[in-house]
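Down below is the structure, laid out as structure tokens.
The values are calculated or read from the model by the stated rules, or taken from the named source; none is laboratory data. As the structure is a computational prediction, the values presented were derived from the model and not from experiment. With ideal geometry, Cβ positions are generated from the backbone for all residues, glycine too; neighbour counts draw on all protein chains shown.
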Amino acid sequence: MTQTANKPDEGRRDAVLPPVDVIEDATGITLFADLPGVAKEQLNLRVEADTLTIEGEVGLTTPEGLQASHAEVQVPRYRRVFTLSKELDAGKIAAEMNHGVLKLRIPKAEHAQPRKVQIRVS
Amino acid sequence: MIYRSLFPRDIYSEFDRLQRDLQQAFDASPSIRGFGRGGYPALNVGGTAQSVEIYAFAPGLDPEKIDVNIDRGVLTIEGERASVLPTDEKSAVHINERFAGRFRRVVSLPDDADPSAVSAEYRDGVLHLSIRRRESALPRRIEIK
């Protein structure tokens with residue numbers, strides 16, 4: 001899995017690059033992404049060909065007349081794009097959101113799972 | 001500086017250094033408690049006529065384990081976020097950017113904030129604190145008899 005630059009048509013609206021952890025084990029890849037403020041309904045996960053796009057809108061309840069005095073999060077949107085490699089099974093991605101953390105599990109295709117090759121000695 | 005020219009081709013570390021230099025040059029109010037940006041959790045602070053509003057972008061926490069204290073006008077948010085990285089040797093970590101460990105962020109509140117009237121809500125990984133301003137500090141029209 002490698003990262004690709006955002007495509008020009010997607011870069012029209014500003015977005016923050018969320019921090020991620022990517023861990024690979026024998027049966028697949030687990031990805032964690034920090035998306036604070038994104039409700040489950042505001043999360044947009046897409047796989048097109050071999051491109052995985054994670055996108056989310058921040059929805060905060062703000063009181064009327066709020067004036068910001070200090071803002072470290074200035075763009076209410078996250079976006080990050082990854083290129084999936086062939087051995088990953090994009091059709092079986094499982095996603096869950098918990099307290100603003102997205103957890104994605106991308107399994108490897110059956111044929112790509114590690115197999116121990118028996119060596120016969122005759 | 002000699003060490004910069006020792007590894008002239010590491011362009012990414014050069015970018016990293018450039019970013020830090022720029023951050024230092026442009027950050028209008030470098031705080032003694034570290035840079036204002038890039039910490040965990042990220043903070044947005046604002047206010048209305050009636051209240052001071054603080055949003056801490058702190059995903060992946062157990063709400064029971066977030067400590068919020070106000071002491072003499074200084075608000076402290078602290079806690080700990082567990083690492084998700086595997087400890088076994090069969091897994092490989094390809095990217096590790098998310099914060100893990102203990103954190104503590106401090107905000108000094110305006111004088112009219114009332115520490116006894118605070119509401120705190122944790123939703124979708126954002127801790128929202130709303131601190132009412134004291135009644136006596138609210139703008140008031142004075143009647144002339």
Quiz prompt | Positions within the stretch B:28-52 being among the hydroxyl-bearing types (Ser, Thr, Tyr) and either modelled with pLDDT of 80 or more or part of a loop (DSSP other than H, G, I, E, B) (or both), in sequence order | solution = B:SER29, B:TYR40, B:THR48, B:SER51
Practice problem: Could you grab me the full set of residues in the stretch B:65-79 that are part of a loop (DSSP other than H, G, I, E, B) and either within 11 Å of another protein chain (Cβ to nearest Cβ) or surrounded by 15 or more Cβ atoms within 10 Å (Cβ to Cβ) (or both)? | Solution: B:ILE66
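For the stretch A:103-120, indicate whether the set of residues that are within 11 Å of chain B (Cβ to nearest Cβ), in contact (Cβ under 8 Å) with a residue 60 or more places away in the chain, in contact with a strand residue (DSSP E or B) (Cβ under 8 Å, 6 or more places away or on another chain) and surrounded by 13 or more Cβ atoms within 10 Å (Cβ to Cβ) is non-empty.
So far as the stretch A:103-120 goes, yes, one or more of its residues are within 11 Å of chain B (Cβ to nearest Cβ), in contact (Cβ under 8 Å) with a residue 60 or more places away in the chain, in contact with a strand residue (DSSP E or B) (Cβ under 8 Å, 6 or more places away or on another chain) and surrounded by 13 or more Cβ atoms within 10 Å (Cβ to Cβ).
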Quiz item: Which residues, counting only those in the stretch B:93-118, are closer than 20 Å to A:ASP34 by Cα and in a strand (DSSP E or B)?
Solution: B:VAL93, B:HIS94, B:ILE95, B:ASN96, B:GLY101, B:ARG102, B:PHE103, B:ARG104, B:ARG105
Quiz item: Only one residue in B:ALA25, B:ALA56, B:ALA82 is more than 8 Å from chain A (Cβ to nearest Cβ), at pLDDT 90 or above and surrounded by fewer than 16 Cβ atoms within 10 Å (Cβ to Cβ), so which one is that?
Solution: B:ALA82
Quiz item: Could we say that B:ARG123 is within 11 Å of another protein chain (Cβ to nearest Cβ) and under 19 Å from the mean Cα position of the chain (by Cα) here?
Solution: yes
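In the stretch A:71-103, which residue that is over 23 Å from B:GLY60 (Cβ atoms) and in a strand (DSSP E or B) is nearest to the chain's Cα centre (by Cα)? Give the derivation first.
Within the stretch A:71-103, the first condition is being over 23 Å from B:GLY60 (Cβ atoms), and the residues that meet it are A:83-92.
Applying the additional criterion that residues be in a strand (DSSP E or B) yields A:83, A:88.
Numbers: A:THR83: 11, A:LEU88: 14 Å.
That would be A:THR83.
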